[in-house]
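Down below is the structure, laid out as structure tokens.
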Amino acid sequence: MEADYNVSCVQFAFIVLFLTYITSFWVLVALFLYFDIIYLNSVSFVSAYDVLDPYGNIMIKWDVVSWTPDGYVAVVTLNNLQMYQNIMSPGWTLGWTWAKKKKHPHCCRRNPTVIDLLHGAPYTQQIAGCCKGGVLASQGQDPRAAVSAFQLSNFTLLGPGTGYTCSQATIEAPSLSLSSMCTYSQLVASAKPRCCVSFSSFYSDIITPCPSCACGCQNENNCVISDSKIMSKVEMNTTIEDAELMLKCTQHMCPIRVHWHVKANYKEYWRVKIAITNFNYIQWTLLLQHPNLNNVAQVYSFVYKPLVPYKSINDTGIFYGIKYSNDILREAGPDGNVQSELIFRKDMDLFTLKQGWVFPHKVYFNGDECMMPAPDSYPFLPNSAHVNPISYSTLPVSVLLYCYSSADHTT
């Protein structure tokens, strides 16, 4: 480490000499600030890549806004540029390491951590963008709620939450700003999945449950019995550790179950019902990957946005609740669920009820990929069924068929 320090000092000296001729005094001040804060950050940074959100990250900026007799005043801004990964309660935690044994005058720690103030903080302690309890919406859901800020008088970054790794800060001359990019990895966040998927359909009596032990296997120490009153409500500021202890005992042991039911098949459309059952989560987003998401006719009860990271492929969609209606899962257990129905317009060259085509390829909840059932367990067509059978249970939907005058039942 000492040898590396000497080499870096020589490199830094050359940078200073060069900038003396081409830049202003303030850029030199910014470089000294950069070297002071960031140099001892020796943690390696490996950027996590999400094929569904290739440019998604959390950008952290450290802006020096003024100088004081004993240092400076900085505003730190966190901007969630991810399309579907929210920062949920209990919110982000940001930390850094001061270089050269430097410490904040009001904090004796060399590696302090900061959390966001809650809603309703005293007005004298607020700045623009603060006081959200550490919760950040994704860029795809609500860009205005995807930004948080706090002020610091006079950064290895720990990151905004579990699963994030952050780069060393880089200088943005001549603005006296430092920036760091943080990316999310599900493998870093948790060794086990946090959600699972189950299937059913109108054309089969088979209900495919979540795989057993999808998110771990239950024991007396990691869950509570289903009829317990310990967890009738999930508090807004429940810690991650407490949430894990309050998980209800199930055969899959997942905090979230997403159920996909193929409900009906019409001449030009087909219909799906989605139910998300909560076992200890609150705010939520759902991401689905299916080839027919390129032609969605109607979505009920949820807000839907297509996610198209590659222009040639449109098979992924983001779903989240309507604000002040069903965007928060407050109650746990079977009654703590939200539901929606989707109507897809058929592509006759692709649509089939065979071989599980009508079920999603991938499901993500709150940014984490859910455990899917094994393909050989999917509901299947009876041997005597036609390619596009119709269920007698769909006959009462005459009102819906009236809305689609050409949508007659297939025989």
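The values are calculated or read from the model by the stated rules, or taken from the named source; none is laboratory data. The structure presented is a predicted model; accordingly, all values stated were derived computationally and were not measured. Note: ideal-geometry Cβ built from the backbone for every residue, glycine included; neighbour counts use all protein chains shown.
Working only within segment 187-223, note down all residues that are surrounded by fewer than 18 Cβ atoms within 10 Å (Cβ to Cβ), touching a strand residue (DSSP E or B) at 6+ places or on another chain (Cβ under 6 Å) and modelled with pLDDT under 90.
Result: K192, single match.
From the list T277, T238, exactly one residue is touching a Pro at 6+ places or on another chain (Cβ under 9 Å), of a type outside the set (D, E, K, R) and modelled with pLDDT under 75. Which is it? Walk me through how you get there before you give the answer.
Working: T277 fails: modelled with pLDDT under 75.
Going through T277, T238 in turn, just one is touching a Pro at 6+ places or on another chain (Cβ under 9 Å), of a type outside the set (D, E, K, R) and modelled with pLDDT under 75: T238.
I'd like the full set of residues that are among the charged types (D, E, K, R) and either under 21 Å from A275 (Cβ atoms) or in a strand (DSSP E or B) (or both), limited to segment 341-357. First the steps, then the outcome.
From segment 341-357, those among the charged types (D, E, K, R) are 341, 345-347, 349, 354; that's our starting set.
Matches in segment 341-357: E341, R345.
Which of the numbered conditions does I318 fail, given that it passes all the others? Conditions: (1) modelled with pLDDT under 75; (2) touching a Phe, Trp or Tyr at 6+ places or on another chain (Cβ under 6 Å).
Status for I318: all satisfied but (1).
What number of residues within segment 292-313 are assigned to a loop (DSSP other than H, G, I, E, B) and under 20 Å from the mean Cα position of the chain (by Cα)? Show your work before the answer.
From segment 292-313, those assigned to a loop (DSSP other than H, G, I, E, B) are 295, 301, 307-313; that's our starting set.
Adding the requirement that they be under 20 Å from the mean Cα position of the chain (by Cα) leaves 307-310.
Matching residues across segment 292-313 total 4.
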